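Colleague: Structure below; questions to follow.
The values are calculated or read from the model by the stated rules, or taken from the named source; none is laboratory data. Computed from a predicted model, the values in this text were never measured in an experiment. Positions of Cβ are backbone-derived with ideal geometry, glycine not excepted, and every protein chain shown enters the neighbour counts.
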Ligand SMILES: Nc1ncnc2c1ncn2[C@@H]1O[C@H](COP(=O)(O)OP(=O)(O)OP(=O)(O)O)[C@@H](O)[C@H]1O
Ligand SMILES: [Mg+2]
């Protein structure tokens, strides 16, 4: 680089910094948030949309697992996704989290983050947490240690944690323990928990990262009725604070989550077949047919 180009670069940078300082000064208390929104890589939720999937198509050897799928999830919304086996529900989550790359379409987090340009690890980092069907906790560690590790997965605190937990971090772990009903089991080895408790622990591990959007694939599969009910209460307590996308076959659970007033989305052959209140989509002839047809 020639000296005059370097000088030009320095001048531009300085002028940008000065302009940002001016904006910060004018916007007073809002300056920090404003600065954050401007920074690349920070999702903007000001428009109320957490996730926007548009015309997404995924083919596996010519078979379209997702076929021009479009759906939007609002900030704080709890959205249940139902649909017969093979409808594309898990594939949709794979696309959102960067595990599978769509052939066409777009997936946007907030109003500005193009998820299709990000790597899987970066997608997790910007606030999208995913729960797979099988619990994946560290069996040999205690419940508390599992949560501690989940906190350390956050790059920002990993270095600090290497020394010891701060009071604030302890409080966070305590709050999550209460929320996932495992306060009394904090010192228990995770491997000794029931299947349902392991699922809650894994959800707790996701919560330690404070994700804006949580994707939960068949979270109550294999749970007892009581565990299922408690899981519904847990998700309802997270609604508002987080956006949740819940894929589930258990209609009683979906009913508990939607409380007769929330919209559910029915997927079939890789696209949205119907959307509406659970009772309405269950009475929908097209929906009845795809369920009977399996
Ligand atoms: N990696 C892959 N390679 C080939 N085909 C795949 C792959 N992943 C998914 N599929 C196919 O895509 C379709 C959608 O699968 P997906 O797992 O998304 O369905 P689902 O709605 O999650 O079903 P379920 O309710 O059984 O979990 C299925 O026909 C599946 O066989
Ligand atoms: Mg699936």
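Colleague: Looking only at segment 50-75, count how many residues are part of a strand (DSSP E or B) and free of Cβ contacts under 8 Å to residues at least 40 places away in the same chain.
Modeller: 3
Colleague: Okay, moving on. State all residues of segment 269-285 that are over 22 Å from the mean Cα position of the chain (by Cα) and buried (at least 19 other Cβ atoms within 10 Å of the Cβ); if no residue qualifies, say none.
Modeller: The answer is 273, 274, 278, 281.
Colleague: Would you call residue 215 within 16 Å of ligand 1 (Cβ to nearest atom), touching a residue at least 40 places away in the same chain (Cβ under 8 Å), within 24 Å of residue 144 (Cα to Cα) and crowded, with 20+ Cβ neighbours inside 10 Å?
Modeller: Answer is yes for this residue.
Colleague: Within segment 106-115, is even one residue more than 16 Å from ligand 1 (Cβ to nearest atom), buried (at least 18 other Cβ atoms within 10 Å of the Cβ), touching a residue at least 24 places away in the same chain (Cβ under 8 Å) and over 17 Å from residue 245 (Cα atoms)?
Modeller: yes
Colleague: Would you confirm, using the coordinates I've provided, whether residue 74 is buried (at least 17 other Cβ atoms within 10 Å of the Cβ) and closer than 30 Å to residue 174 by Cα?
Modeller: For residue 74, the condition - buried (at least 17 other Cβ atoms within 10 Å of the Cβ) and closer than 30 Å to residue 174 by Cα - is not met.
Colleague: Considering only residues of segment 63-90 that are within 10 Å of ligand 1 (Cβ to nearest atom) and over 16 Å from residue 107 (Cβ atoms), which is nearest to the chain's Cα centre (by Cα)?
Modeller: Here the residue is 82.
Colleague: A further question follows. Can you pull out every residue in segment 275-294 that is part of a helix (DSSP H, G or I) and in contact with a strand residue (DSSP E or B) (Cβ under 7 Å, 6 or more places away or on another chain)?
Modeller: Selection gives 278, 281, 286, 287, 290.
Yes/no per residue for (1) in a helix (DSSP H, G or I); (2) closer than 27 Å to residue 43 by Cβ; (3) in the same structural domain as residue 93 (by TED's automatic domain parsing); (4) modelled with pLDDT under 95:
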position	(1), (2), (3), (4)
187	no, no, yes, no
210	no, yes, yes, yes
221	no, no, yes, yes
232	yes, no, yes, no
254	yes, no, yes, no
273	no, no, yes, no
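Colleague: Same structure, new question: Restricting attention to segment 241-274, which residues are closer than 20 Å to residue 206 by Cβ and in contact with a strand residue (DSSP E or B) (Cβ under 8 Å, 6 or more places away or on another chain)?
Modeller: Matches in segment 241-274: 242, 243, 244, 245, 246, 247, 248, 257.
Colleague: Let me ask something else. Counting only residues that are touching a helix residue (DSSP H, G or I) at 6+ places or on another chain (Cβ under 7 Å) and farther than 17 Å from residue 50 by Cβ, which one in segment 60-74 is farthest from ligand 2 (Cβ to nearest atom)?
Modeller: Selected residue: 66.
Colleague: When you go through (1) crowded, with 21+ Cβ neighbours inside 10 Å; (2) within 16 Å of ligand 2 (Cβ to nearest atom); (3) in contact (Cβ under 8 Å) with a residue 40 or more places away in the chain one by one for residue 221, which number turns out not to apply?
Modeller: Evaluating residue 221 over (1) crowded, with 21+ Cβ neighbours inside 10 Å; (2) within 16 Å of ligand 2 (Cβ to nearest atom); (3) in contact (Cβ under 8 Å) with a residue 40 or more places away in the chain leaves (1) as the failure.
Colleague: Continuing with the same structure: Would segment 47-58 turn up any residue that is over 24 Å from residue 132 (Cβ atoms), under 19 Å from the mean Cα position of the chain (by Cα) and at pLDDT below 95?
Modeller: Yes: one or more hits.
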